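Following: one structure in structure tokens, then a few remarks.
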Amino acid sequence: MIKMNKIVKYIAIFFAVTSCNFLDVSDVLQGELTKEEVFNSASMTRRFHRYIYSGIPDMSFLSVFGTNQPDGLGNPWTILAGEITTGSAIIMPIPSSGYHAGTAQFPRWGLYRQIRQANQFLEDAKAIPRTGTDFISEDEFLSLRAEARFLRAYYHYLLFELYGPVPIQTSSEDPGNRNLDFYRPSVDEMVEFLDREFREVALELKEEEPMERKAAPDRGVALALRAKTWMYAASPLFNGGYAEAVALRDNTGKQIFPAKDESKWTKALAAMQDFIDFADGRYDLYKYYTTPGDVSTFSADLSLYRLFQEYNDEIIWATTRNIWGGVGFANTFEHNTTPRGEGNAAGNVGVTQELVDAFFMSDGLGIDESPLYDEEGFTTVNGDRIFNMYVNREPRFYNSVTYQGKRWQVSNKQIFFHLGSENDMSQVNTNGYTGYMLFKRKNRTLYGTGSSPRSFYRPSILYRLAEFYLLYAEALNEVNPSDPRVIEYIDKVRERAGIPLLADIKPEIAGNKVLQRKAIQAESRVELCTEGQRYFDVRRWMIAETPEGRQGGAFHGMDMSASEANFHKRKAFQNRIFTPAMYLYPIPLNEIQKSRRLVQNPGW
């Protein structure tokens, strides 16, 4: 019989007869230390607490670098959403080959390790009286405890975001119990738990962490995640719009996903309003002025660039976990997103034509509406011959995409991808390259040769204010489309992006729920592109089978197998599969097989 006063090497994880080495969970407990030995030591307690942070996603990790990441705690979602692609063989192209519950490559189920560690901390940690320099004051303990409680809720939220409702764990189970098995709660029960936890822990966390501690959650982060929880709860995927999920029952006959309830939008708006009110005066959209204090010198280009280069007031929460690194190291963001002819880089990450087409023109209109858009011929821009498709685009396009003819900021050379060019990748892997590369979040000073710097630290942003302005507009629109704040908050984002306001160029959509909804979705796609959110948005909106959110079918780039004269023609590089089952991720097959209570998501 294993006694509970020992934290031992083998623990039962999740819901059935499974075990793992405790050192996979925390390196603190080497030598099978007792709980007393761990939680009577300030240094050991802090080490135990630090592991709880290890489940926070690294959004700089696109799952194309170095050793493949075996879970969904990086940012494979931007690839899986059809925004980018890669020629690397490291990622299994599951959207094109299909997958099942046993092969789904990016699960988050392993977060139950950190959840159990948080529960253990909440149950057993305490303030430690001063003995020399090794102590934990009551104030520090309360802060550590609040962070542990927040992270426990946050990891449940990440599981909910991917799978729908999952078993809620608020106590560390006896590791000697080899019959752990749990039912899934309903969506409403899951949301009630998350709402309560985020609401209560918001009052326990510090009101605002200083800029140097943005990796630590504060009250604003808790309120933001509470609001996002309700946005999910009100959205079609979790609110009666997914018929197969509504029909799902466990072996007791319990309904897991609810029928549609429009009142949830009112609750979502209330939660979002709580965050927006709190955010006022604490967060702000990042704007850069070439002359400080002179609003006439606002630069959309530098605002959009510098937003991702430094800690700033737009960031709600950022993590220190990232692999930005520098050019020349095979496992870095910079190395893989720089054309291979520039500083010995790899040039691995391509942007899809579908994302290129989503960006607006400089007049604020989409390519299907704007008279500025042209897919024929070339224009001379600053002495460079540029294909008309890339002329007169909005600043977010130029900050996000490396396109044919773009001039590289360090070498001052034009970049070309056509057959026979310096960056020709067509003979390497025609399925992985598109004639575009990802530029967003890159640092413009890094280079792999010469005296240029090789690395530059940047925050890995998890949540920022622009996303919540668009979420706020969405909630307002669903509750009362006549509310003028719908357009106002979309336009706050557009104004910072340096494009005309909807209020000026599309006044006719004001008050029209359908048209405003489409405008919000289009704005979100561009503003948040490649940040890992679109995968979840097109699913919660249930538009993955529509032209606006399409996740299946042919995805395109330019014709990289062609000469320069014929390069600018759309060519399918991959055909992707999307089935209704993919609206929710499958619970790992091994968990379903060993459980008598877990019910799988529909279609798996």
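At a glance:
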item	result
Restricting segment 124-146 to residues that are basic (Lys, Arg) and in contact (Cβ under 8 Å) with a residue 24 or more places away in the chain, the residue that is surrounded by the fewest Cβ atoms within 10 Å (Cβ to Cβ)	Lys126
Some residue of segment 203-214 being in the same structural domain as Tyr183 (by TED's automatic domain parsing), under 29 Å from Pro395 (Cα atoms), surrounded by 15 or more Cβ atoms within 10 Å (Cβ to Cβ) and touching a residue at least 12 places away in the same chain (Cβ under 8 Å)	yes
Spans of helices (runs of 4 or more DSSP H) in segment 262-363 with at least 2 residues within 22 Å of the chain's Cα centre (by Cα) and closer than 28 Å to Gln551 by Cβ	263-279, 333-337, 353-358
Qualifying residue in segment 172-183 (condition: under 29 Å from Asn40 (Cα atoms), surrounded by fewer than 22 Cβ atoms within 10 Å (Cβ to Cβ) and acidic (Asp, Glu))	yes
Residue among Glu591, Glu545 that is on the phi < 0 side of the Ramachandran plot, in a loop (DSSP other than H, G, I, E, B), touching a residue at least 24 places away in the same chain (Cβ under 8 Å) and out of contact with any strand residue (DSSP E or B) (no Cβ under 9 Å at 6 or more places or on another chain)	Glu545
Extreme residue, surrounded by the fewest Cβ atoms within 10 Å (Cβ to Cβ), among residues of segment 525-539 that are of a type outside the set (Asp, Glu) and part of a helix (DSSP H, G or I)	Phe536
Some residue of segment 234-248 being more than 25 Å from Glu478 (Cα to Cα), at pLDDT below 95 and either within 20 Å of the chain's Cα centre (by Cα) or assigned to a loop (DSSP other than H, G, I, E, B) (or both)	no
Complete set of residues in segment 445-486 that are of a type in the set (Lys, Arg) and at pLDDT below 95	Arg454, Arg458
Residue within segment 142-151 that is closer than 13 Å to Arg46 by Cα and assigned to a loop (DSSP other than H, G, I, E, B) present	no
Scan of segment 551-565 for residues that are outside any loop (DSSP other than H, G, I, E, B) and touching a residue at least 12 places away in the same chain (Cβ under 8 Å), ordered by number	Gly553, Ala554, Phe555, His556, Gly557, Met558, Glu564
Boolean, Asn443 is among the polar types (S, T, N, Q), buried (at least 22 other Cβ atoms within 10 Å of the Cβ) and under 25 Å from the mean Cα position of the chain (by Cα)	no
Qualifying residues in segment 346-380 (those that are in contact with a Pro (Cβ under 7 Å, 6 or more places away or on another chain) and at pLDDT 90 or above) - the one surrounded by the most Cβ atoms within 10 Å (Cβ to Cβ)	Gly364
Yes/no for Glu478 being over 24 Å from the mean Cα position of the chain (by Cα) and not assigned by TED's automatic domain parsing to the domain that holds Ile367	no
Residue match in segment 371-382 (condition: at negative phi, without any contact (Cβ under 8 Å) to a residue 24 or more places away in the chain, part of a loop (DSSP other than H, G, I, E, B) and of a type in the set (Gly, Ala, Ser))	no
Residue among Phe333, Phe308 that is at pLDDT 95 or above and either closer than 27 Å to Gly82 by Cα or buried (at least 19 other Cβ atoms within 10 Å of the Cβ) (or both)	Phe308
Qualifying position, being without any contact (Cβ under 8 Å) to a residue 60 or more places away in the chain and not assigned by TED's automatic domain parsing to the domain that holds Met59, among Ala268, Ala279, Ala318, Ala346	Ala346
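Conditions tested, residue by residue: (1) surrounded by 18 or more Cβ atoms within 10 Å (Cβ to Cβ); (2) modelled with pLDDT of 95 or more; (3) not aliphatic (A, V, I, L, M).
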| site | (1), (2), (3) |
| --- | --- |
| Glu495 | no, yes, yes |
| Asp504 | no, yes, yes |
| Glu508 | no, yes, yes |
| Val514 | no, yes, no |
| Tyr585 | yes, yes, yes |
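The values are calculated or read from the model by the stated rules, or taken from the named source; none is laboratory data. Since we're looking at a predicted model, the values are computed, not measured. For neighbour counting, all protein chains shown are included, and Cβ atoms are generated from backbone atoms with ideal geometry for every residue, glycine included.
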